[in-house]
Amino acid sequence: MPTDKAAEQLAGTRNFMPPGLRLGDEVLTDQKKYYSAEIARQEWNSLWTRVWTIAGRVSDVASPGDYFRYELGGESFVIVRSTDDRIRAFYNVCQHRGSRFDLGEFGNAAKFVCPFHSWAWNIDGTLKRITDIETFPPKTVCDRPNLSEVRCETWGGFVFICMDDRAPPLTEFLGTLAAALAPYGIEEMIVAKDYSADWPTNWKIGLDAFMEGYHAHARHPELIRMIDDYNFEYEVFGNGHSRMIIPMTAKSPRLKDPSALTAEFCLSLQAVGLDPREFEGRLQDARPAMIEGKRRWMERFGMDPSAFSETQIIDDANYNVFPNITFNAHPEGVLVMRFRPHATDPNRCHYDVWVLTRTCDAPGFAMPFYMAVPEGTDLSGKGPRPARRHIKHGEEGMGLVLDQDAEFLPTVQAGVQSRGFRGIRLSHQELRLRYYYEEYNRHLRA
């Protein structure tokens with residue numbers, strides 16, 4: 001814990017509680033949501049099939065016939081750009097006897113052909129061929145079944161789908177979150193990294209960890225030597241979406257000497273062209289200098305710093321896009337994390353990490369180091385998209401902070417199932433979880 005003096009000094013600069021949000025003091029005893037098969041089925045029927053979810057990037061369906069596959073729970077979808085230049089989404093299922101199409105994660109197709117009996121559909125979903133149609137009773141196939149289509153809309157360069165025809169439009173679902181993210185220009189960014197792993201945790205155990213910074217002091221010793229993990233700002237946007245601002249220009253007040261330079265903080269100074277030696281003994285002067293340094297850095301690489309607030313320029317803005325996405329947003333790029341439920345096991349999930357970047361081929365342009373973009377990655381936008389890499393749980397590659405969480409979170413998954421665990425107690429530093437689960441519970445009660 002920070003000293004009383006440090007807490008008093010810093011409490012006035014960061015607000016724990018956003019306006020209108022109150023944190024209850026009760027113990028939450030609904031921990032079964034992290035492992036119950038019954039609740040997982042309820043989530044599928046009342047949440048996943050009712051809300052908008054991010055399926056992938058618009059850039060992955062740039063030309064007619066381009067497609068990608070999106071797996072969510074027990075469903076599989078094909079997102080494709082059709083010949084009329086529309087992006088469409090279909091259930092990945094043949095209308096003959098239910099076979100799935102044999103498709104890669106990404107590709108280009110002139111038609112979709114069932115691998116079982118060779119029925120075929122055009123990329124706009126209309127039926128192209130029924131093999132040996134003369135052998136079918138006419139009434140059986142007179143409707144010439146199209147592929148089953150799913151609602152599909154785009155925002156920020158992302159393709160969203162929704163299985164519920166009665167759900168509000170995507171813009172209404174995103175609400176004011178879209179305006180908060182607009183300055184970053186995410187729609188113009190390209191994919192610089194695409195990793196996916198299977199985690200032995202419920203999808204919410206993973207998501208929870210990235211909606212609070214309370215655990216940073218215990219799990220990420222390197223991180224607290226370059227961020228203030230105790231004083232975050234919080235904001236909620238409605239519909240379960242929220243944001244926390246992670247101060248990147250002050251170290252943790254938990255440290256014995258918060259004013260001393262650390263190797264990690266020196267990296268932050270050097271990243272914006274500053275000499276760490278100039279801030280020996282006066283770390284409190286670093287923030288304005290780092291903001292100006294980052295402005296100059298942005299201008300050097302063709303970005304307009306006037307489009308961003310000071311905190312957007314220098315701090316890490318962590319957004320939650322309900323129900324299963326987090327963005328760590330910076331002017332130069334965004335770290336996207338997606339948590340997908342396992343089809344049959346509530347104790348497992350699929351964890352996807354993308355790094356999106358503005359295009360730039362000038363020397364010295366790079367993403368924040370914690371995003372762990374592989375050295376030599378082409379950020380110009382002129383080369384091919386990096387292939388998706390599937391890694392095993394525990395295999396390094398996500399980045400130091402993410403790898404540390406991956407290692408530890410299975411112990412949380414085990415612990416919430418203990419007979420000795422009597423419920424969840426949330427602090428002000430975890431208020432985004434409170435807000436998130438209010439929206440989550442609203443869906444499950446509906």
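The values are calculated or read from the model by the stated rules, or taken from the named source; none is laboratory data. Computed from a prediction, not measured in an experiment: that's the story for all the values here. Neighbour counts run over all protein chains shown; Cβ positions are idealised from the backbone, glycine included.
For the range 242-259, the tally of residues that are touching a strand residue (DSSP E or B) at 6+ places or on another chain (Cβ under 6 Å) and either under 30 Å from residue 52 (Cβ atoms) or of a type in the set (Val, Ile, Thr) (or both) stands at 5.
Taken together, 59, 76, 46 contain a single residue that is over 23 Å from residue 207 (Cα atoms), outside the structural domain of residue 419 (by TED's automatic domain parsing) and modelled with pLDDT of 95 or more, which is 59.
Against the test of being surrounded by fewer than 17 Cβ atoms within 10 Å (Cβ to Cβ), free of Cβ contacts under 8 Å to residues at least 40 places away in the same chain, of a type in the set (Val, Ile, Thr) and not in a loop (DSSP other than H, G, I, E, B), the options 131, 140 yield a single qualifying residue, 140. Can you find a residue that is surrounded by 17 or more Cβ atoms within 10 Å (Cβ to Cβ), more than 20 Å from the chain's Cα centre (by Cα), modelled with pLDDT under 95 and not in a strand (DSSP E or B) anywhere in the range 417-427? Scanning the range 417-427 turns up at least one residue that is surrounded by 17 or more Cβ atoms within 10 Å (Cβ to Cβ), more than 20 Å from the chain's Cα centre (by Cα), modelled with pLDDT under 95 and not in a strand (DSSP E or B). State whether the residues of the range 309-317 include one that is among the aliphatic types (A, V, I, L, M), under 30 Å from residue 208 (Cα atoms) and out of contact with any strand residue (DSSP E or B) (no Cβ under 8 Å at 6 or more places or on another chain). Yes, the conditions are met somewhere in the range 309-317.
All told, residue 126 falls short of being in contact with a strand residue (DSSP E or B) (Cβ under 7 Å, 6 or more places away or on another chain) and hydroxyl-bearing (Ser, Thr, Tyr). Residues that are modelled with pLDDT of 95 or more and under 23 Å from residue 202 (Cβ atoms) do not occur anywhere in the range 82-98.
Hey, any hits in the range 125-134 for a residue that's within 32 Å of the chain's Cα centre (by Cα) and acidic (Asp, Glu)? There is no residue in the range 125-134 that is within 32 Å of the chain's Cα centre (by Cα) and acidic (Asp, Glu).
In the range 213-233, of all residues being buried (at least 22 other Cβ atoms within 10 Å of the Cβ) and aromatic (Phe, Trp, Tyr), the one that is farthest from residue 334 (Cα to Cα) corresponds to 230.
Across the range 76-123, which residue is nearest to the chain's Cα centre (by Cα) among those that are of a type in the set (D, E, K, R), more than 14 Å from residue 145 (Cβ to Cβ) and part of a loop (DSSP other than H, G, I, E, B)? The qualifying residue nearest to the chain's Cα centre (by Cα) is 105.
Scanning the range 164-190 for residues that are aliphatic (A, V, I, L, M) and surrounded by fewer than 19 Cβ atoms within 10 Å (Cβ to Cβ) yields 167, 170, 178, 179, 180, 182. Answer yes if at least one residue in the range 103-126 is acidic (Asp, Glu) and in contact (Cβ under 8 Å) with a residue 12 or more places away in the chain, and no otherwise. Yes, the range 103-126 contains a residue that is acidic (Asp, Glu) and in contact (Cβ under 8 Å) with a residue 12 or more places away in the chain. Taken over the range 131-147, the criterion of being closer than 13 Å to residue 119 by Cβ and of a type in the set (Asp, Glu) is satisfied by 132 alone. Remark: residue 32 matches the filter, which requires a residue to be surrounded by fewer than 16 Cβ atoms within 10 Å (Cβ to Cβ), among the charged types (D, E, K, R), closer than 22 Å to residue 413 by Cα and free of Cβ contacts under 8 Å to residues at least 60 places away in the same chain. Pairing each residue of the range 260-272 that is in the same structural domain as residue 288 (by TED's automatic domain parsing) and closer than 15 Å to residue 298 by Cα with any residue that is at pLDDT 90 or above and in a helix (DSSP H, G or I), provided the two are 6+ apart or on different chains, yields C-beta distances under 6 Å for 269/276; 272/290; 272/293; 272/294; 272/297. All conditions but one from (1) in contact with a helix residue (DSSP H, G or I) (Cβ under 7 Å, 6 or more places away or on another chain); (2) exposed (fewer than 14 other Cβ atoms within 10 Å of the Cβ) apply to residue 102; the one that does not is (1).
Residues are listed down the side, and each one gets a yes or a no for (1) over 20 Å from residue 371 (Cα atoms); (2) of a type in the set (Asp, Glu); (3) in contact (Cβ under 8 Å) with a residue 12 or more places away in the chain:
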| position | (1), (2), (3) |
| --- | --- |
| 135 | yes, no, no |
| 161 | yes, no, yes |
| 166 | yes, no, no |
| 192 | no, no, yes |
| 199 | no, no, yes |
| 202 | yes, no, yes |
| 217 | no, no, yes |
| 225 | no, no, yes |
| 228 | no, yes, yes |
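Going through (1) acidic (Asp, Glu); (2) more than 23 Å from residue 56 (Cβ to Cβ); (3) in a helix (DSSP H, G or I) one by one, residue 172 falls short only on (2). Of the residues making up the range 147-162, none is in contact with a Phe, Trp or Tyr (Cβ under 8 Å, 6 or more places away or on another chain) and under 30 Å from residue 267 (Cα atoms).
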